[in-house]
Amino acid sequence: MIRQRWIFAASLALLAACASPSAPRADYQALLEHQAAREAALAQRGDWSFTGRIAVSQGSNGGSGRIDWRQHGDDFDIRLSAPISRQTWRLSRADGKVRLEGLGGPREGEDAEALLADATGWRIPVTAMTAWVRGVRAGTGAELEFAPGGLPATLKQSGWTVDYRVWNQDDPALPTKVFAESGDARVRLVVDQWQTP
């Protein structure tokens with residue numbers, strides 16, 4: 001009985017530690033305003049990049065490796081390499097056109113997600129991840145829960161749940177461990193180094 005009470009009390013304390021829309025409205029509004037200021041500051045930095053590690057899975061189909069992501073406005077250049085299989089591929093966007101190289105020959109189109117799904121079977125929200133990877137909402141319709149320090153803990157948008165496990169000390173802060181999932185689709189990202197202007 002004592003153990004059950006302790007578990008119940010610990011659960012309540014954990015729930016209280018995360019601010020959410022059910023938190024006092026004034027407190028939650030202040031957190032949203034702080035998040036909006038973060039997003040505005042990051043929007044001024046159209047060029048950024050990071051290197052790290054990624055694991056992707058869709059049901060029983062998955063893979064992992066190193067990732068090098070470079071962003072220039074709406075355009076990107078994402079390179080992945082799997083050291084064990086020695087397989088590499090590159091997904092890039094320039095002037096509204098998307099190109100996928102290294103997975104059975106080059107493919108081109110206008111939809112990065114569709115190209116990637118066709119080649120790998122993975123459902124990865126590349127366009128939204130451009131925002132999510134920096135702890136930013138991708139347009140409207142997002143739900144946010146905040147950690148005690150005021151940074152996002154969880155973001156829910158477009159059927160995906162994005163968990164932010166670790167943040168760096170930059171100003172504005174950037175996440176270094178991002179886990180996203182939707183159904184049986186999962187993307188796990190660990191950033192080793194951010195580069196922002």
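The values are calculated or read from the model by the stated rules, or taken from the named source; none is laboratory data. Worth saying up front: this structure is predicted, and the values here are computed from it rather than measured. When we count neighbours, we look across all protein chains shown, and the Cβ atoms used for this are built from the backbone with ideal geometry, even at glycine. SASA here: full protein model, heavy atoms, side chains in, ligands and nucleic acids out. Shrake-Rupley method; radii C 1.70, N 1.55, O 1.52, S 1.80 Å.
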Test set (1) aliphatic (A, V, I, L, M); (2) over 22 Å from ASP170 (Cβ atoms); (3) modelled with pLDDT of 90 or more - LEU103 fails condition number = (3)
Restricting attention to segment 57-97, and to residues there that are among the β-branched types (Val, Ile, Thr) and out of contact with any helix residue (DSSP H, G or I) (no Cβ under 8 Å at 6 or more places or on another chain), which single residue is nearest to ILE124 (Cα to Cα)?
-> ILE67
Scanning segment 76-92 for residues that are open to solvent by 40 Å² or more (accessible area, probe 1.4 Å) and touching a Lys or Arg at 6+ places or on another chain (Cβ under 8 Å), which turns out modelled with the lowest pLDDT?
-> PRO83
What is the residue count in segment 94-106 for residues that are open to solvent by 40 Å² or more (accessible area, probe 1.4 Å) and in a strand (DSSP E or B)?
-> 4
Looking at this structure, is ARG90 of a type in the set (D, E, K, R) and out of contact with any Ser or Thr (no Cβ under 8 Å at 6 or more places or on another chain)?
-> yes
What about THR176, is it modelled with pLDDT of 95 or more, surrounded by 14 or more Cβ atoms within 10 Å (Cβ to Cβ) and part of a strand (DSSP E or B)?
-> yes
In the set PRO125, PRO197, which member is open to solvent by less than 20 Å² (accessible area, probe 1.4 Å), on the phi < 0 side of the Ramachandran plot and not aliphatic (A, V, I, L, M)?
-> PRO125
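Let's see how each residue does on (1) without any contact (Cβ under 8 Å) to a residue 40 or more places away in the chain; (2) more than 20 Å from ALA41 (Cα to Cα); (3) part of a strand (DSSP E or B):
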| residue | (1), (2), (3) |
| --- | --- |
| SER92 | yes, yes, yes |
| GLU108 | yes, yes, yes |
| ASP118 | yes, yes, no |
| THR140 | yes, no, no |
Residue under evaluation GLN35, criteria (1) in contact with an Asp or Glu (Cβ under 9 Å, 6 or more places away or on another chain); (2) at pLDDT 95 or above; (3) within 20 Å of PHE179 (Cβ to Cβ), criterion not met | (1)
Here are some conditions: (1) of a type outside the set (Phe, Trp, Tyr); (2) farther than 21 Å from GLN195 by Cα; (3) touching a helix residue (DSSP H, G or I) at 6+ places or on another chain (Cβ under 8 Å). LEU32 meets all but one. Which one does it not meet?
-> (3)
Looking at segment 47-62, which of its residues are open to solvent by 40 Å² or more (accessible area, probe 1.4 Å) and of a type in the set (Val, Ile, Thr)?
-> THR51
For VAL190, which of the numbered conditions (1) more than 25 Å from SER60 (Cα to Cα); (2) open to solvent by 30 Å² or more (accessible area, probe 1.4 Å); (3) at pLDDT 95 or above fails to hold?
-> (1)
